[in-house]
Amino acid sequence: MEFSRRNFIKFAVGGLGGTLLSPLPWKLMDDIAIWTQNWSWVPVPAKGKFSTISSVCTLCSGACGIQVRKVGNRAVMIEGSNEYPVNQGGICPLGMAGLQILYNEGIRWKAPVKRVGPRGSKRWKEISWAEAIGELATRIKGLRDTGSPEKLAAIDGNQSRSTMALLVKRLLDAVGSPNYMVMPREEDTFAMATFLMQGGKGPTAFDLENSDFIVSFGCGLFDGWGAPGRMLSAWGEWARSRNKTSIIQIDPRASNTASKADQWLAPFPGTEAALALGIAHVIIKERLYNREFIQNHTLGFTDWFDAQGIKHKGFSRIVLEKYSPQNVAGITGIGRSIITEVARKFASAKAPIALAGRGKGSLPGSLYESMAVHALNALTGRVNRKGGVLIPDDLPLASWSDVEYDPVAMAGLTKERVDRAGTPRYPFTGSLIQKFTEAINSGHDSPIDTLLLCSANPAHTIPDSQNFIDAMAKIPFIVSFSPFMDETSMMADLILPDHTHLEKMVDIVWPTGIQYPLYALSQPVVPPLYRTKHSGDVIISLAKGIGGAVAGSFQWAHFEEALKARVRGLYDSGKGRITHNESEPVWKGLATGGSVSSPYSSFKTMWEDIKEHGCWYIPFHSFGNWSDVFHTQSKKFEFFSTKIEMALKAYSKEKSLDDAISQLGIGSRGDEVYMPHYEEIRSSANEKEYPLLLHPVELINLASGWIGNPPFLNKTLFDHQLRKDDLFVELNPRTASRYGLKEGSKAIVSSPKGELRVRVHLFDGAMPDVIFIPVGLGHTAYDKYLKGKGVNPHEIIDPVEDPLSGQPVWWNTRVKVARI
C-alpha cells in the first residue's frame, strides 16, 4: 500500500497536519473562555511586575528551552525559547500547557500523606515530612536488619542519565537491592541494537537536520518523537530550505508525520524489519553500498571464517537469498517496484539516514527490527557521518565517589533480580517490568516488600496494565513520589509528593536524539505552591535516616550539591559553551571542527551561568572517524554480533544451542540468529475469534506518558477523536462495513485481556483490518476533567515477548469488534 504526498492529502488529513505543525499550533477555540469559567483553579494574574524566566521543559526527555512569563509571582504563559540550542523556539502542546499541570490543584498531592483505610478507599492522613521519611527509613532499615535488602524495589521514570535516576539507583545499590527498574521506552531498544552492532553504551545521536533523505520506520517525527520542539523547528527549516530534505514515512496509519512526508508506505504491522531488509537486498545486489566502510570497518558482511576455522554465512548472502523485493512484497504488502525505488533513492542520496521506532517512542520496540533498520545506515556508510547516526563521546560529567557497600548490601546484590533482566535468559535487557509483575503474580507471597515509584504511573501506561495492578495488590508497602493523584499513587500506602517541573531544578543529560553533547538544567520558575519536597532531597534525607553505609554513600546536604558535584566535571574539562545565538543553529556548524575553550576562571561563575541559560554543550563533532569508534570484540561494525554469539554460548551451557535459541523466542536458525533479520511475532490469540489487530496511536496533543493530559489539550482533540466521554477508534470504511459499523457507531473492542467501549471514526488512512486507538485517555484517577474521559487501550493489550530482548511487543494484539 503506497501513497504519494499528493494522494495522501485526499484522505483529508492534510489540514489536520498543517494545523498541528504550524509554529504556534495550539490556539484554543473561543468557547474555552466560557468553558473555563466553571473552574475554580483558572489562573488569574495578580497585579505585579512583569518578568520572564528562562528554564528547560522536563515533561519529556527532549529538554526544550522555555521562556515563562510571570506577573508578580504567578506564571501566566510558556513559550519556546529562541535562544536555546535544542528547539530554537519550537515547543509542543504539552510544554505550552505546563501551567495547567502546575496550577490544577485538583490533580496534585499537597503534602505527604499515609493511607489510613483499605487500598482504593481514598482515605488519607496528612503527616509531616519528618514522619513520612522516618517511616520509610525504618521500613527499609528493617529489611536490611533481617538480611533481606533485595525485597526493596524501585520503578523509575526519570531520564536514564539524569542525576535523579542515578540517585534512585544509588539508593538501591547502597541498601543492597538489585531490583532497580526503569519504565520501558523505544530509546532503550535502539541503544541495545547499537550496543550489539557497534559496542559501547553511549547516547544515540541522529544528525537529522543535516540529512537530505530520511526513512522513518514508524517514528512520529512530527507527532512528539524525540525532542518535539526540535522536530517542529526542523520541519520549519526543511520547509524553508532550498536544499530539500526528502522524508519517507513507514506507518500502517496516515499519521501527521505521514501527511508531511514526501512518500508514505503502509506495510502490515510488525513487518518493518522485512521491509528494511528488502531495501538492503537492492542496495547489496546493485552494489550501491559504501565499499570503503563495508570492506574495512565491518564484520560479517561477506562469508567469513572465525578463529576456530568455522565458516559463517555473511549478511549479504542471507539478505540476497531470503529478502528479495518479491519475497518482501509478500510479507509486507509493499510492491516490489516501490521497494526497489526507495532503495535506490536512499543509496543515492548524499546524506541519508534510517530511523527505527514507533510514535513518540514511549514504549519499547523489536530488537531485531532496530538492528535491521540500522543495517541500512551501515550499508550506506552513514555511521558517524554528517547527516547520519553519530557515535559521540559522552559528556565529561564528574563521577561521584563509589557507593559504600557493607556486607548486607554485598549479599543482597548477589541475588537474582526479580525481573531476571541481565541474566543469561535476558542478557542485554536492563529492565523488564512485565517479568517483574509475572514473578509477583505467579507466587503466593510477593518477593518484594517495599516498592518505590518515581516519576512513573505504570498502572496506566504499561501494556496489560491490569497485570501490574494485580501485582501491586500483593506488595505489602508501596511508596509514590508522584506530585499527582494518578492511578498508581492512589494505590500507594505512603505519598512523598515531588514538586512539579516548574517548581524544581533537575537535569537531562543528552536529550533524546540530539547530535551533540548537551547538558540541560531546569530551574524553578515559581516557589512550591504546596508542602511538597524535591524527590532528590527526599532520597538524600532517606539515606541519612537509614544510616550506616547507606548514609555514608550520600555525602551531600541536598540535591543541588549532588548536581554540582557532577557538573564540576564540565568545568574541569575546560570545554563547552553555555550561551546560544539563535542565528547560528548548532547543527549548521557541527562539521567545522575545532574545540570550544571554556571562558570561566571559576566553577561558581560557570554554575550560575548554566542555571541562568539552562545548558552546557559542545557544538562540534568529529565526522567520518571509523577507525576507533567501534567498541565491539572485532573493533568493527558487526553485522554478525559477537555479543549475541557469546550470550547464546553462555545460555546453552546446560542445554543444546537449538533449545537455547527456542527458549529465547528466536525462530531463525544458523548464522541469521546473530544478525539483523525478520522475526514474525505472532499473538497467541485465535485469529478466527480475534480477526483484527489493535494498534495504539500517540498524538502530539495528547499526553501518553505518566503525566495526565491537561484539560486545555482535551479541547484540541477533534469530535471524531473524543466527544464528551467517548473515545473514537479509527477503522477503514471497508473493514467497518463488514461489521455493520458506520461513522459514530458505538462498539465493543475485545481482546483476550478484556474489552473497551468506543465509538467509530471511518478513516481512509487506516489500514484495513486494523483498529487504531489513541493512547493517553481512560484515566480512573486525577480530577473530573480527566477521569472517565475515553478508555485506556493498555487495559486490553496482550503483549508478546520480543525475541532475545524479552521486551513487550505491544502493537500486535488481536481483537474483535462488535456493534452495540
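The values are calculated or read from the model by the stated rules, or taken from the named source; none is laboratory data. What you see is a predicted model; the values in this text were computed from it and never measured. Positions of Cβ are backbone-derived with ideal geometry, glycine not excepted, and every protein chain shown enters the neighbour counts. Ligands, DNA and RNA are stripped out before the accessible areas are found, and what is left, the full protein with its side chains, is counted by its heavy atoms. Shrake-Rupley method; radii C 1.70, N 1.55, O 1.52, S 1.80 Å.
Kindly provide the set of residues from segment 705-738 that are touching a Cys at 6+ places or on another chain (Cβ under 9 Å) and part of a strand (DSSP E or B), ordered by number.
none
Being of a type in the set (A, V, I, L, M, F, W, C) and touching a residue at least 40 places away in the same chain (Cβ under 8 Å) is the filter; apply it to segment 651-674 and report the residue that is surrounded by the most Cβ atoms within 10 Å (Cβ to Cβ). Explain how you work it out, then say what you get.
Initial filter on segment 651-674 (of a type in the set (A, V, I, L, M, F, W, C)): 657, 660-661, 664, 666, 673.
Subsequent filtering for residues that are touching a residue at least 40 places away in the same chain (Cβ under 8 Å) retains 664, 666.
Numbers: Leu664: 22, Ile666: 19.
By that ranking, first place goes to Leu664.
Considering Gly106, Gly142, Gly117, which residue is under 29 Å from Lys787 (Cα atoms), part of a helix (DSSP H, G or I) and over 21 Å from the mean Cα position of the chain (by Cα)?
That would be Gly106, the only listed residue that is under 29 Å from Lys787 (Cα atoms), part of a helix (DSSP H, G or I) and over 21 Å from the mean Cα position of the chain (by Cα).
Right, Phe630: open to solvent by 20 Å² or more (accessible area, probe 1.4 Å) and assigned to a loop (DSSP other than H, G, I, E, B) or not? Give the steps one after another, and end with the answer.
On the way: open to solvent by 20 Å² or more (accessible area, probe 1.4 Å): no; assigned to a loop (DSSP other than H, G, I, E, B): yes.
No.
Residues of segment 739-760 being aliphatic (A, V, I, L, M) and either at pLDDT below 95 or not in a strand (DSSP E or B) (or both), which ones?
Filtering segment 739-760 for residues aliphatic (A, V, I, L, M) gives 741, 747-749, 756, 758, 760.
Once the filter is applied, which keeps residues that are aliphatic (A, V, I, L, M) and either at pLDDT below 95 or not in a strand (DSSP E or B) (or both), segment 739-760 yields only Leu741.
Which residues, taken from segment 448-458, are in a loop (DSSP other than H, G, I, E, B), hydrophobic (A, V, I, L, M, F, W, C) and farther than 12 Å from Val418 by Cα?
Applying the first criterion (in a loop (DSSP other than H, G, I, E, B)) to segment 448-458 yields 448-449, 455-457.
Those left that are additionally hydrophobic (A, V, I, L, M, F, W, C): 448, 456.
Ala456, the sole residue that qualifies.
Going through segment 761-820 one residue at a time, which ones are assigned to a helix (DSSP H, G or I) and open to solvent by 30 Å² or more (accessible area, probe 1.4 Å)?
If the condition is that a residue be assigned to a helix (DSSP H, G or I) and open to solvent by 30 Å² or more (accessible area, probe 1.4 Å), then Glu795 is the only one that fits.
Would you pick out the residues in segment 338-358 that are surrounded by fewer than 22 Cβ atoms within 10 Å (Cβ to Cβ) and of a type in the set (D, E, K, R)?
Residues satisfying the conditions are Glu341, Arg344, Lys345, Lys350.
Quick grid of which residues meet (1) under 30 Å from Asn732 (Cβ atoms); (2) surrounded by 21 or more Cβ atoms within 10 Å (Cβ to Cβ):
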site	(1), (2)
Leu221	yes, yes
Ala227	no, yes
Thr245	no, yes
Asp262	yes, no
Ala273	yes, yes
Val282	yes, yes
Leu299	no, yes
Gln308	no, no
Ser316	no, yes
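I'd like the full set of residues that are within 29 Å of the chain's Cα centre (by Cα) and open to solvent by 60 Å² or more (accessible area, probe 1.4 Å), limited to segment 561-583. Steps first, please.
Of all residues in segment 561-583, those within 29 Å of the chain's Cα centre (by Cα) come to 561-570, 576-580, 582.
Passing the criteria: Glu561, Lys564, Arg568, Arg577, Thr579, Glu582.
Of all residues being open to solvent by 30 Å² or more (accessible area, probe 1.4 Å) and among the acidic types (Asp, Glu) in segment 407-440, which is farthest from the chain's Cα centre (by Cα)? Just the residue, please.
Checking each candidate, the answer is Glu416.
Within segment 166-188, how many residues turn out to be surrounded by 21 or more Cβ atoms within 10 Å (Cβ to Cβ), touching a strand residue (DSSP E or B) at 6+ places or on another chain (Cβ under 6 Å) and within 30 Å of Met371 (Cα to Cα)?
Qualifying residue count for the region: 5.
Between a first residue in segment 362-376 that is in contact (Cβ under 8 Å) with a residue 12 or more places away in the chain and farther than 15 Å from Leu277 by Cα and a second residue that is in a helix (DSSP H, G or I) and β-branched (Val, Ile, Thr), which pairs have beta carbons less than 9 Å apart while being 6 or more apart in sequence or on different chains?
If the second residue must be in a helix (DSSP H, G or I) and β-branched (Val, Ile, Thr), the pairs left are Ser362/Thr461; Leu363/Thr461; Pro364/Thr189; Gly365/Thr189.
Looking at Gly330, is it out of contact with any His (no Cβ under 7 Å at 6 or more places or on another chain), within 28 Å of Leu693 (Cβ to Cβ), surrounded by fewer than 16 Cβ atoms within 10 Å (Cβ to Cβ) and without any contact (Cβ under 8 Å) to a residue 40 or more places away in the chain? Let's see the steps before the verdict.
Details: out of contact with any His (no Cβ under 7 Å at 6 or more places or on another chain): yes; within 28 Å of Leu693 (Cβ to Cβ): yes; surrounded by fewer than 16 Cβ atoms within 10 Å (Cβ to Cβ): yes; without any contact (Cβ under 8 Å) to a residue 40 or more places away in the chain: yes.
So Gly330 passes the test.
Of the residues Gly387, Gly357, which single one is closer than 17 Å to Ile247 by Cβ, in contact with a Gly (Cβ under 6 Å, 6 or more places away or on another chain) and among the small types (Gly, Ala, Ser)? Spell out how you get there, then give the answer.
Numbers: Gly387 fails: in contact with a Gly (Cβ under 6 Å, 6 or more places away or on another chain).
On inspection, the qualifying residue turns out to be Gly357.
Does Asp445 qualify as being farther than 28 Å from Glu131 by Cα, open to solvent by 20 Å² or more (accessible area, probe 1.4 Å) and in a helix (DSSP H, G or I)? Step through it out loud before you land on a result.
On the way: farther than 28 Å from Glu131 by Cα: yes; open to solvent by 20 Å² or more (accessible area, probe 1.4 Å): yes; in a helix (DSSP H, G or I): no.
Answer is no for this residue.
List the number of the failed condition for Gly134; all other conditions in (1) free of Cβ contacts under 8 Å to residues at least 24 places away in the same chain; (2) surrounded by fewer than 16 Cβ atoms within 10 Å (Cβ to Cβ); (3) part of a helix (DSSP H, G or I) hold.
That leaves (1) as the condition not met.
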